[in-house]
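Accompanying notes for the structure given below.
Taken together, the values in this text are just the output of simple stated rules run on the coordinates, not laboratory data. It should be emphasised that the depicted structure is a prediction, and the values quoted were computed from it without experimental measurement. Positions of Cβ are generated from backbone atoms using ideal geometry, with glycine treated the same way; all protein chains shown enter the neighbour counts.
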Amino acid sequence: MHTPSATSAISTAAAAASGARSAVPCAFPHFVSAGDILTDLVRTDGSHWRSHPGGAGWNVARAVAALGVPTAFAGSIGIDCFSDELWRASEAAALDLRFLQRVERAPLLAIVHETHPPAYFFIGEASADLAFDPESLPQGWMGAARWAHFGGVSLARAPLSATLATLAADLRAHGVRISFDPNYRNLMAHGYRPMLETMAALADLIKVSDEDLRCLFGTDEDTALETLRAMNREATVLVTRGAGPATLITPTETIAAMPPRVEVVDTVGAGDASIGGLLFSLMQRPERAWRDHLAFALASGGAACRHAGAHSPTLDEVVALLQ
């Protein structure tokens, strides 16, 4: 766990970054997440439904932005009522809206017709997310980016999947570090293995849950983890297991830690908050020990669980769980 002096240091650094952002707008974001952005339509009771802005890649962007790093979500949405809400929520999260494109296509919807256990399907055969065009992003933005994140259903939906894999390779060639969270969904049940191997090979950091490992590889967790690590021995891998111990595997060491005990309101988005917290820690305090980075990631996920929906915890919320 962080010592009080360490948490104070990271708080000071983040406050400086946040203050600089509010005083003088950053020319380009330091962190960019490019992945799925969609609307969840969740059945609440019989014929009643509730819509929520969502998408794993978008949640990660909000998580990093909430902690104080200049951030963008790079993707495409429509011009309909659902997309308007995604735009407003992105603006409220202080994401750089120059990276969020709007096109005249239908929105991508995730229809969650059962929640315990989750049962869902997607509507969006030719939806707006598939039209994302990296060539239309602001010129010169790659020079400011330090990390970029990819994952979610976007990498299982052609032609967007190929677009994002190419973008990840271009970013890596420009010296930007790559984070990858497959975030398993049923769209990945068939034909996903080549994309998994491509993105794992490009990644500096891979985040998976125990459920991801079982579903992606169809084997026990240990065998699945070894198969994943064989795709890129130089990548650092974070494995989360809900309330169980998490494991961080670097090329030189393996660290295990328990997440903080919290009163859980909702686990939706906890994994996205965890990887967001880890990325924030790596960007703000790269010199710190891996055990400290892991502690910050788990505290971020724990703080998210204290709220309903995909909550993006603030720095104060995370630090409170570390002290």
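Some notes on this structure:
- Dipole magnitude for segment 4-322: computed about the Cα centre from +1 point charges on Lys and Arg Cβ and -1 point charges on Asp and Glu Cβ, it is near 520 debye.
- Distance (nanometres) between label positions extended 7 Å along Cα→Cβ at T115 and T250: 4.0
- Amide H to amide H, with H built 1.01 Å from N, G35 comes under 5 Å of A74, counting only residues 5 or more places away or on other chains.
- Span from the segment 255-270 Cα centroid across to the segment 50-117 one, whole angstrom: 24
- Sorted largest first, extent of the chain alpha carbons per principal axis (Å): 50, 50, 43
- Axial C-alpha extent at least 24 Å, average Kyte-Doolittle at least 0.0 - helices from the chain (DSSP): 4-23
- Highest average packing first - 232-238, 73-79, Cβ atoms within 10 Å: 73-79, 232-238
- Here, segment 115-261 yields an orientationally averaged convex hull projection of 10.6 nm² when only Cα atoms define the hull.
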